[in-house]
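Have a look at the structure below, then the notes.
The values are calculated or read from the model by the stated rules, or taken from the named source; none is laboratory data. Note that the coordinates shown come from a computational prediction; the quantities given were computed from them, not determined experimentally. Positions of Cβ are backbone-derived with ideal geometry, glycine not excepted, and every protein chain shown enters the neighbour counts. Ligands, DNA and RNA are excluded from the accessible area calculation, which covers all protein heavy atoms including side chains. Shrake-Rupley method; radii C 1.70, N 1.55, O 1.52, S 1.80 Å.
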2 protein chains.
Amino acid sequence: MFSDVKNELQYVAGMLNEAIRKDTFPETIYPEELRLAVRTYPEQGGKRIRPALLLWACGLFGGDILKALPAAQAVEIFHNWTLVHDDIIDSDSLRRGKPTTHVEIARYASSKLNTAADKAEKFGTDLAILAGDAQQAWAVNSMLKLAENGIDPALVIALTRRMQEVLNRQLISGEALDVELALQDPASVQAEDVYRMISGKTSVLLAFCLQCGAAIARNKSDFDSEEQKLLAEFAENLGLAYQLEDDLLGVYGEIEEFGKPLCSDFQERKPTLLYLEAKKRLSGDDAVRLDALTGLPFYSMEIVQLLRRLLTDCGAEQAIRELSSSATAKALDALQKLPDNEYRERLAALAGYLLRRKI
Amino acid sequence: MFSDVKNELQYVAGMLNEAIRKDTFPETIYPEELRLAVRTYPEQGGKRIRPALLLWACGLFGGDILKALPAAQAVEIFHNWTLVHDDIIDSDSLRRGKPTTHVEIARYASSKLNTAADKAEKFGTDLAILAGDAQQAWAVNSMLKLAENGIDPALVIALTRRMQEVLNRQLISGEALDVELALQDPASVQAEDVYRMISGKTSVLLAFCLQCGAAIARNKSDFDSEEQKLLAEFAENLGLAYQLEDDLLGVYGEIEEFGKPLCSDFQERKPTLLYLEAKKRLSGDDAVRLDALTGLPFYSMEIVQLLRRLLTDCGAEQAIRELSSSATAKALDALQKLPDNEYRERLAALAGYLLRRKI
């Protein structure tokens, strides 16, 4: 089943890669390093999960997925501009195993323009801000190209407005909340704010992808309809389960699978739901132990084991696993109420693939 | 004449202020400091030159300027998001006599969240990036609201695409070029690149405002038509003359009028057209004198006088004044070929007001 969904994802990625490469939007951008920066993330690609959600939701309601392709490109480029700006904000130097946009441009300044290190770094950040700005415009422009494919202009306007009014606003708010929570003592963070942040940073874009694909197929933007609400429910729960699985994998997984050092959330003192659950359950010496295992400069395998035991013994691990299972069940339950066809199977398989589960 | 155009601008500003204040777009943005930041520049307002250009170009072709109001709001908010990001890039701390967005948010972090100075500064920059991102979405959303005013959806899509494909791309490129030129030795900068930068940073938005207003009135997006080309010519030359007058005012003006310390362009080693013209004309000892008067930490009135004499004696001042007069004449010449009515008079008066001339 997973190999099937991987093949289907590769097919979507193939279409997307070609559409993005052929798009003339970045061509007249200057100077050269800015033009390259605008192209890089969209062309590098990832798994193209978001375009797949959009196209398959379109197929789910009997729509022509080829006509929806500009929208699939739009959500991918939208995702990419948020990554470019997030990478600046998080001071990350690697993305998909390659230098982040601001780091790459800083290197260009050092080598091609012979700029001193501190000025090169500032130049990298400045141009990466601008690259993300141009990418946001590129995403909007791609969405508006739906009209060239015969989609009703009034619907195109409604979808683009939803991308700007609902998606952008909530996603930016989620990111800002993440930045603000990082300033607080993690122990004082409210779980409610973390749920809100996960929804804004992850689920809202997944929901938009599905709802946009469905709206194109159904030729209407009735986001309050039963079908659209079910898609949002699927996305909200999928996003939450994905984040919870990621929290668990960061502690209980293998380093190769997680892609980052184990316990990096604890190292960075991030208020994950797993951490907050343990904090709630622990008292006395155990609460002191949790504090002592947070924010360490290095997590040896011995320390990872200690933290695992602490989180397991207090029941936090189990609670988070149950929460994830419950969210997964809710996601699939919503999906099962939607039309029964091959696209529904693909969406279910994609959920399983993302959550590393057999579904 | 100037008091007339000032009154007309105030009328436009009044309409804009009300529209922006009533707009619900920012309402659901969180956290609070981000919501306030998104509102600040658009609500503070400036002279609202860009909305005036749009509305008056609409009136010039007999359009209903009330219907065009969402577009006027869109160009103003578009201008504002570029200012928020520019202020980060230029590390400016003041805008219209008040703290810039990133400085204001950093202060909030220091006082309300008790954050250390370096973290507060980073927080200010991070949230200001996000505020500009949300404002870009707000601008697009405002433009799309034209459809609610009965403007043909296909035309609304064409105008929004032009805002993203042409305006955004050229403006961002102009800003990036400005950042890159600042890394170079000003003496090695090509005048051609400076013209390109002025066009991208200033003229392109002015042209978009005029062309958008005209397209709404004419109910078509024929940007290759004679009328639209004349509007672009007016804008290109107005933008250039404005920049040249600003260069001259920075050296020959009064500090109260310029709003910044005199010779700040020379202090910051900016490759203005005035500087490049002098560089071209000077040789031997005078060339050394120009170099010596560039990049100084402080410009006393004596130094300002020395620089003025150097720029005047070599003919650079006169050359730039002639270039500005020629651009102004070209702008007005283009305008005179457009319909003769009160809106044309207003646009001419606005040009005169911006260029501090009787026209």
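What to note about this one:
- Ordering B:Ser91, B:Pro153, A:Ser326 by Cα displacement along the dipole of the protein assembly as shown toward the positive end leaves B:Pro153 in first place; charges were set at the Cβ atoms of Lys, Arg (+1) and Asp, Glu (-1).
- Of A:Lys260/A:Lys337; A:Lys270/B:Lys98; B:Lys67/B:Lys337, those spanning more than 27 Å from alpha-carbon to alpha-carbon: A:Lys260/A:Lys337; A:Lys270/B:Lys98
- Structural descriptor for chain A: relative contact order 19 percent, calculated from alpha carbon pairs under 8 angstrom and at least 6 residues apart.
- Each label point was placed 7 Å from the Cα along the Cα-to-Cβ direction; for A:Gln336 and B:Ala287 their separation is 8.3 nm.
- Cα gyration tensor shape for segment A:41-197, rounded if a/c is under 1.5, else prolate or oblate: oblate
- Summarised as an ellipsoid, segment B:20-59 has semi-axes of 26, 11, 6 Å, derived from the eigenvalues of the Cα gyration tensor scaled by 5 and square-rooted, with the largest first.
- Directionally averaged projected area (convex hull, Cα atoms, segment A:123-163), nm²: 3.0 nm²
- Whole-Hz ³J(HN,Hα) from phi, Karplus 6.51 cos²θ - 1.76 cosθ + 1.60, for segment A:212-227, glycine and proline x: 5, x, 5, 4, 5, 5, 7, 6, 7, 10, 8, 5, 8, 5, 4, 4
- Order of exposure, largest accessible area first, which applies to A:Ile255, A:Ile88 with probe 1.4 Å: A:Ile255, A:Ile88
- Sorting the Cα pairs of segment B:178-335 by distance into bins of 10 Å, from 0 upward, gives 10, 35, 31, 15, 7, 1 percent per bin.
- Choice from B:Ala72, B:Ala131, B:Ala120 with maximal GNM fluctuation in chain B (Cα, 10 Å cutoff): B:Ala120
- Placed amide H near A:Arg269: partners under 5 Å, 5+ positions off or other chain: A:Gly295
- In this Cβ point-charge picture (+1 for Lys and Arg, -1 for Asp and Glu), chain B has a dipole of about 560 debye about its Cα centre.
- For segment B:70-156: rounded, prolate or oblate by the Cα gyration tensor [a/c cutoff 1.5]: prolate
- Farthest towards the positive end of the charge dipole of chain A, among the residues A:Phe258, A:Ala137, A:Gly174, is the Cα of A:Ala137, using unit charges on the Cβ of Lys, Arg, Asp and Glu.
- Accessible surface for B:Asp152 stands near 70 Å², nearest 10, in the context of the full protein assembly shown (1.4 Å probe).
- Helical mean residue ellipticity (222 nm; -39500 (n - 2.57) per DSSP H run of 4+; nearest 500) of chain B: -22500 deg cm²/dmol
- Apportionment of accessible area to carbon and sulfur, the protein assembly as shown, percent (1.4 Å): 48 percent
- Rounded to the nearest whole Hz, the Karplus-based 3J(HN,Hα) values (6.51 cos²θ - 1.76 cosθ + 1.60, θ = phi - 60°) of segment A:301-315 follow the sequence 4, 5, 5, 4, 4, 4, 5, 4, 5, 4, 5, 6, 4, 7, x, with x at glycine and proline.
- The residue among B:Val5, B:Tyr41, B:Ile65 whose Cα reaches farthest toward the positive pole of the charge dipole of segment B:1-65, with charges on the beta-carbon of Lys, Arg, Asp and Glu, is B:Val5.
- Listed values for segment A:3-9 are Karplus-derived 3J(HN,Hα) couplings in whole Hz (6.51 cos²θ - 1.76 cosθ + 1.60, θ = phi - 60°), namely 5, 4, 5, 4, 4, 5, 5, and x replaces Gly and Pro.
- From largest to smallest, the equivalent ellipsoid semi-axes obtained for the protein assembly as shown from the alpha-carbon gyration tensor read 48, 32, 22 Å.
- Per-residue mean of C-beta atoms belonging to partner chains within 10 Å, peptide B:121-132: 5
- Distances between copies of B:Glu148, taken at a point 7 Å out from Cα along the Cα→Cβ vector and listed shortest first: 2.9 nm.
- In terms of accessible area, using a 1.4 Å probe and ignoring ligands and nucleic acids, A:Ser199, B:Ser173, A:Ser221, A:Ser91 rank largest first as A:Ser91, A:Ser221, A:Ser199, B:Ser173.
- Beta carbon of chain B nearest to the axis of the rotation taking B to A, residue and angstrom distance: B:Pro153, 2
- Heavy-atom SASA rank of B:Val103, B:Val288, A:Val12 (probe 1.4 Å, accessible area, largest first): B:Val288, B:Val103, A:Val12
- Computed over segment B:77-221: relative contact order in percent, which uses C-alpha pairs under 8 Å that are six or more apart: 21 percent
- Put a plus charge on the Cβ of each Lys and Arg, a minus charge on the Cβ of each Asp and Glu, and nothing anywhere else: the dipole of segment B:1-42 about its Cα centre is then about 20 debye.
- Aspartates and glutamates whose Cα lies under 12 Å from that of B:Lys229, excluding same-chain neighbours fewer than 8 positions away: none
- The alpha carbon gyration tensor of chain B gives principal lengths a ≥ b ≥ c with a/c of 1.5 or higher and a/b no greater than b/c, which makes the shape oblate.
- From the C-alpha gyration tensor of segment A:56-112, square roots of 5λ in Å: 34, 12, 8
- Relative contact order of segment B:37-111, defined on C-alpha pairs under 8 angstrom at six or more residues apart (%): 29 percent
- Given +1 at the Cβ of Lys and Arg, -1 at the Cβ of Asp and Glu and no other charges, the dipole of segment B:1-119 around its Cα centre is 180 debye to the nearest 20.
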